[in-house]
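Taking it in order: structure first as structure tokens, then the write-up.
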Amino acid sequence: MVRLDRLVNVLGGYGLRLLRCPVPRSTELRSVVLHEQTAGRTVVGDVLLAIGAGSVAEAVAWASDARAAVVLVRDDTAPAAAASPEPEPAGDDQPVAVVLVEPAVAWSEVAAVVYGLVLEGRETESGRGPTDLFALADSLADAVGGAVTIEDRLSRVLAYSSLQQHADRARAETILGRQAPEPLRALFAARGVSTHLDSSDEPLFVPADADHGLTGRMVVAVRAGRELLGSVWVACPQPLDGARRRALADGARTVALHLLRSRASADLERQVETDLVMQLLEGTADAATVASRLGLPQGPMHVIASRAHTAEQERHAALLLSFDRATTGFGWSRPGRSAVAGNTLYTVLPGDDVSAARAWIASLHAALPTHVTLMAGISAPAVLDDLPAARQEADECLALHETRQASSVPPAYEESWDDILFQRLRTAARSGRAPARGPVTELRRHDTEHGTQYVATLRAWLQAQGDPVEAGRQLGVHENTIRYRLRKMTELTALDLHDGNKRLAMMIEVAALDNSPTATRPSSARPGHA
């Protein structure tokens, strides 16, 4: 159900202000009314649009009569209405929340938003669409005489009928997976279904295919203007004709209206959610209240930073697609709250288990088309006040993932802080803050001019804590080769391997100037060759 808190949050984006709220913000809202009487009785409802009220006090009196929990009123008498004392509830003991409508906001705009949220936004908090879309699927199934599935333009299941007439294995797999399986989508594409839906509003029959568990389908596009919103599928062994075909076409137009209203409601929620999430990630003095408005529990949280792109570098399209997936949830629940900032999707995910964060990323990736690549980074667990620092950790882990294979495990800060430190050092080195002279610089110059591997040898020796056997194993050479190279290095430069501080400084410089935090690849040189 729509709650008062959500209504207030969304209306705030349109310039409306909450003047007073003596009722719980968790109050459920189910109806919207105007101030009027029918047959001598006042029309009652949860939200009252006090159009024509002369003052806040009069609007509150109307709301009391209508037994409303919240009243929306325009107070044109004083610009500083919000600073005036709270109005008394006109002698009625029922508390009423008051929302002020700015003079610049038209009542028609307010009414559209409120009606959309309260009457047509009775969806889950993830904004998946009105629950009566399932009732529409049932009604349509009765009219056409076959099981109905309503899908969006990406073949995700939005609703399905309880009627199972002519249902088959393909329908069961589609509903269980919340999306048509990839082989089934490929079959439909091969038979020209996608092309037909893009260009025609006429129903199309798809013949049976036993290999895919398909007994036959009738499909029609759901369109608003020229935009394809989705499709309606009917399980049927033969093409529909006559009244049943007309019922399918008419039903598709009704579905289009539902999807448009659902989209408007979901977009409003996403806007509010984005603003609140960014407040947490940028730092706010009232983080606890913001987290409560987002429905986030108290306790540790991960910040996940992710970027999606395709081979065609359609970064903006892929980013928006991943944001859509993240905010519509997986299955019937959505544990995190997300926002887009720049070219990055940020998600605040409750819990301190890094495996759960990686599972969330895997679920997001699985919900995207197969040609979309997703890179991500995971912060260390953080409490509310530390989320800005956790955002930076997630950004750095994301940057680390982007230097690796896309198929690699998304880095988590508590596991990868050393690699991130090396990454910071390399960034500093590239900005010109590395030493211009010194043992490592001179050895690197010698390697470049003479094709030697002195820096790689020094690095392996330092990592092996002075063990030439282990260093040789890392480089694929004999331990005597390591000893020989070390002697040659001491002849070329002032290489003091006995001073602990100098060894530490050399390790840092090697890490900062190398392109990889891992050891160099083994050499093909023979033992004893320098």
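The values are calculated or read from the model by the stated rules, or taken from the named source; none is laboratory data. Just so it is clear, the structure is predicted and the values come from calculations on it, not from any experiment. Neighbour counts run over all protein chains shown; Cβ positions are idealised from the backbone, glycine included. Keep in mind that these areas ignore ligands, DNA and RNA; they rest on the heavy atoms of the full protein, side chains included. Shrake-Rupley method; radii C 1.70, N 1.55, O 1.52, S 1.80 Å.
Highest mean packing comes first when the peptides 501-509, 226-234 are listed by Cβ atoms within 10 Å, giving 226-234, 501-509.
Rounded to 0.05, the FRET efficiency of the Thr373 and Trp417 pair, given R0 = 22 Å and the Cβ-Cβ distance, is 0.30. Each residue, Asp286 and Ala57, gets one label point 7 Å from its Cα in the Cβ direction; the gap between the two is 2.8 nm.
Could you tell me which of rounded, prolate or oblate describes segment 1-76, using a ≥ b ≥ c as the square roots of the eigenvalues of the alpha-carbon gyration tensor, with rounded for a/c under 1.5 and, failing that, prolate when a/b is larger than b/c and oblate otherwise? Oblate.
With protein chains left intact and a 1.4 Å probe, residues in segment 127-200 average 45 Å² of accessible area per residue. If the segment from Thr38 to Ala243 were pulled out straight at 0.36 nm per residue, it would be longer than the present Cα-Cα gap by 69.8 nm. For the peptides 359-368, 103-112, residues were scored by their other Cβ atoms within 10 Å and the scores averaged per peptide; the highest-first order is 359-368, 103-112.
The alpha carbon gyration tensor of segment 269-381 gives principal lengths a ≥ b ≥ c with a/c of 1.5 or higher and a/b greater than b/c, which makes the shape prolate. Taking label points 7 Å from Cα along the Cα-to-Cβ direction, Ile508 and Ala112 give a separation of 6.1 nm. Judged by the mean number of other Cβ atoms found within 10 Å, the most tightly packed of the peptides 348-356, 388-396 leads the ranking 388-396, 348-356.
Distance between the pseudo-spin-label points of Ser355 and Glu402 (7 Å out from Cα toward the beta carbon): 3.0 nm.
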